[in-house]
Structure formats: C-alpha cells, structure tokens
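Q: Let me give you the structure first, and then I'll get to my questions.
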Amino acid sequence: MTEGNSTMITKILLLGFENLHSLKYLFFIGIFLVYCLAVSGNVFIITLVSTCRKLHRPMYIFLTQLSFLDILLITTIVPNMLRIILNEVISMTFIACIVQFCFFAGSVMAECLLLTMMSYDRYLAICSPLRYTSIMDFALCVKLVVLSWLLSFILILIITLTICSLQFCGPHIINHFFCDYTPILDLSCADTSIVQTEVFFMSVFVLGFPVVVIITSYVSIVFTILKIPSITGRQKTFSTCSSHLSVVSIYFGTIIGIYLLPHERSSLATNKVLSLFYTVVTPFVNPIIYSLRNKDIKGIITNISNKMRVSY
C-alpha cells in the first residue's frame with residue numbers, strides 16, 4: 001500500500017537480542033523458567049488471598065490486582081520474546097505490534113497507579129490507624145482498583161489511537177524484543193510531536209504524580225515510625241510496609257532509568273537489559289518479596305506446610 005512516494009509498512013521485524021549464538025538455548029530455558037515461576041507465583045498469591053479470610057483486607061486486595069497486572073505484563077512480552085530468542089529475528093504484523101504495545105503500556109500504567117494506592121493504604125494504616133477502617137473500607141478499595149484499571153487503559157487507548165493516525169513508512173525494523181513506544185515512533189515518517197506531547201502529560205500523571213505521592217507517604221510514615229519509643233515497635237511497624245517499599249523501589253527505579261534518564265543510541269543494549277528487568281524479572285520477584293517479607297503470608301504458608309506434613 002502506497003501513499004505518494006512512501007511505502008506504508010504492514011509487517012515489522014523484531015531483532016531482539018543480538019549475538020546470543022550458542023547461548024540462545026540456555027537463555028531460552030532461563031526466560032521460560034522465570035516466566036513459569038512468575039505466573040505460578042502470582043497465581044499462588046491470588047489464590048491464597050482469595051481463599052483465606054484473614055487476608056480479605058484492602059492491602060491484600062491491592063496485592064491480588066498487582067499479581068493480575070504482573071501476569072498480564074509478563075504474558076504480553078515473554079511468549080514473543082521466546083520466539084525471538086530461538087529464531088534470532090521474527091516478523092509480526094504492524095497491527096499485532098500496536099496491540100502488544102497497548103497491553104504492555106496499559107499494564108505498566110495501571111501498576112504505577114496501583115502501587116501508588118498501596119502506598120496511600122500504608123500511609124493511612126500507619127499514620128492514621130484509628131481512622132483507617134472508616135476511610136479505607138471495601139467500597140473505596142474496589143473503587144480505587146477499578147479507577148486504576150480504567151484510567152490506565154483509557155489513557156493508553158488515546159495514545160494508541162493517535163499513534164495509529166500517523167503515517168508509517170519505515171524502516172520496518174525494531175531493534176528491541178517487544179514493541180515499545182520509542183521504537184514504534186521511530187518507524188513513522190510523519191510529525192510525531194502531538195503523540196510526544198500527549199505522552200509527556202500522561203507520564204506526569206501516571207509516573208510523576210505517583211512518585212510524589214509515594215515519596216510524601218513514606219516521608220510521613222518514617223516520621224511516624226521515629227516517634228514510636230521502642231525499637232521493637234519501630235521494626236514491627238516498618239515491616240508492614242517494607243515489602244511494598246522494596247517493590248516500588250525496583251519498579252519505579254527501573255522505569256525512570258529507561259524513560260526519564262537520557263540515553264544515547266549506543267545504549268540500546270542497556271535499555272534492553274533494563275526493559276528485561278521490569279517486564280520479566282519484576283513480575284517474578286514481586287510474589288517472592290511479598291511472600292518472604294510479609295508476616296501474614298509467611299504465617300499462612302507455614303501453617304499450610306505444617307498441615308501437609310501432618311497429613312503425610
């Protein structure tokens with residue numbers, strides 16, 4: 001299909017990871033195992049929270065949604081990535097590329113907003129414990145979850161529609177292992193300033209605003225914890241939010257490193273490694289962090305293990 005002297009692209013090539021050679025099978029097995037463990041771990045968290053009445057609290061409702069988003073994110077990326085690792089380069093339709101970007105970006109936005117709501121939940125629980133149950137009730141929790149999903153996918157739909165209105169005439173090659181925002185725009189031969197402006201303002205909302213809220217929440221939490229007279233009390237209070245703080249630090253730190261810090265074209269390999277970290281590694285480590293650093297979940301897992309030993 002042509003328009004003027006430009007050929008509109010209908011298929012693209014994803015180059016993925018270059019120069020793997022003999023290591024590609026080892027890399028394939030590693031990514032496949034991480035994917036299986038990540039999905040299993042997040043399904044385990046969802047099942048545990050859903051079936052245990054002790055965990056039917058706002059903090060754990062948010063956690064199940066985080067697990068859903070981690071499954072969506074890693075499943076959007078990894079199956080295609082495994083094909084790329086084996087074949088070294090794959091082709092996909094431009095429409096499939098846009099769909100992958102839509103689900104990837106939507107899940108990333110929703111996770112940013114959800115982690116922000118979880119920090120607000122921890123702020124209320126620690127800084128306003130007497131008012132916590134009256135403010136953060138089940139109805140508000142559900143509204144916040146629905147709001148995070150709706151806002152994220154409405155915003156990404158707006159960006160996607162604007163991207164689809166552009167003219168794409170090549171090159172038809174993306175030097176990445178998935179269809180990210182910048183590589184897609186690099187395929188366009190039209191003015192992308194409108195899309196970039198939209199993305200800037202939406203980034204302020206889904207990245208800048210959450211970072212400010214999270215930092216403000218944890219500054220207040222730290223000051224509240226410091227007022228607790230006993231060291232044991234401080235440690236016990238901090239333990240209730242340490243797992244969330246770990247996940248937030250890893251997730252937002254990686255995203256800021258990729259999208260906000262300046263990079264030269266020569267740093268494509270660095271971008272791929274960072275992208276691999278938050279699209280694959282983070283969904284894998286999140287359930288581990290919440291399982292090992294959350295005393296409620298650790299206690300339930302211990303009880304289940306003890307019952308299984310007794311039954312055998």
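Q: Could you compute the longest span of the chain free of GluC sites (Glu not before Pro) located in DSSP loops and having at most 16 other Cβ atoms within 10 Å, not counting the site residues?
A: That gives 89-263 as the longest site-free run.
Q: Compute the acute angle (0 to 90°) between the alpha-carbon long axis of helix 295-311 and the principal axis of greatest extent of the alpha-carbon atoms of the chain; round to the nearest 10°.
A: The angle comes out at about 80 degrees.
Q: In degrees, nearest 10, range 0 to 90: what is the angle between the Cα axis of helix 193-203 and the longest Cα principal axis of the chain?
A: Tilt of helix 193-203: around 10 degrees.
Q: In the chain, what cysteines have no partner Cβ closer than 4.7 Å?
A: By the Cβ distance rule, which asks for a partner under 4.7 Å, the isolated cysteines are C36, C52, C102, C112, C127, C141, C164, C241.
Q: Testing the spin-label approximation: label points 7 Å from Cα along Cα→Cβ at F27 and I231. State their distance in nm.
A: 4.8 nm
Q: While we're here: Between 0 and 90 degrees, rounded to the nearest ten: what's the tilt of helix 94-127 against the longest Cα principal axis of the chain?
A: Once rounded, the angle reads 20 degrees.
Q: Just the number, please: carbon plus sulfur as a percent of the accessible area of the chain, 1.4 Å probe, no ligands or DNA/RNA counted.
A: Summing carbon and sulfur atoms, their accessible area is 69 percent of the total for the chain.
Q: Continuing with the same structure: Could you state the accessible area per residue of the chain in Å², with a 1.4 Å probe and every protein chain left in place?
A: Solvent-accessible surface per residue comes out at 51 Å².
Q: Just tell me which lysines come within less than 28 Å, Cα to Cα, of K24; anything on the same chain fewer than 8 places away is out.
A: Partners within reach: K11, K272.
Q: On to the next question. Can you pull the one-decimal nm distance between simple spin-label points at F103 and C127, each 7 Å off the Cα toward Cβ?
A: It works out to 3.8 nm between the two label points.
Q: When the chain is fully extended, how far beyond the present Cα-Cα distance does T51 get from N303, taking 0.36 nm per residue of separation?
A: Length difference between fully extended and current span is 89.3 nm.
Q: Follow-up. Could you calculate the contour length gain from V43 to L13, that is, 0.36 nm times the residue separation minus the distance between their Cα atoms, to one decimal place in nm?
A: Full extension from V43 to L13 adds 7.5 nm.
Q: If you plug each phi of the stretch 213-229 into the Karplus form 6.51 cos²θ - 1.76 cosθ + 1.60 with θ = phi - 60°, what whole-Hz ³J(HN,Hα) values come out, in order, with x for Gly and Pro?
A: For the stretch 213-229, the Karplus curve yields 5, 5, 4, 4, 4, 6, 5, 5, 5, 4, 4, 5, 5, 5, 7, 6, x Hz.
Q: Sorting L150, L276 by accessible area (1.4 Å probe), largest first, what list results?
A: Per-residue accessible area, sorted high to low, gives L150, L276.
Q: Okay, next question. What is the distance, in nm, between label points placed 7 Å from the Cα along the Cα-to-Cβ direction at L147 and at V89?
A: With each label point 7 Å from Cα toward Cβ, the separation is 4.8 nm.
Q: Right, another one. Going 7 Å from the Cα of I154 toward and past its Cβ, which residues in the stretch 113-136 have a backbone nitrogen under 16 Å from where you end up?
A: Zone members listed by number: 113-114.
The values are calculated or read from the model by the stated rules, or taken from the named source; none is laboratory data. In this text the structure is predicted, and so the values were computed from the model without any measurement. With ideal geometry, Cβ positions are generated from the backbone for all residues, glycine too; neighbour counts draw on all protein chains shown. Remember, those area values only see protein heavy atoms, side chains included, never the ligands or the DNA or RNA. Shrake-Rupley method; radii C 1.70, N 1.55, O 1.52, S 1.80 Å.
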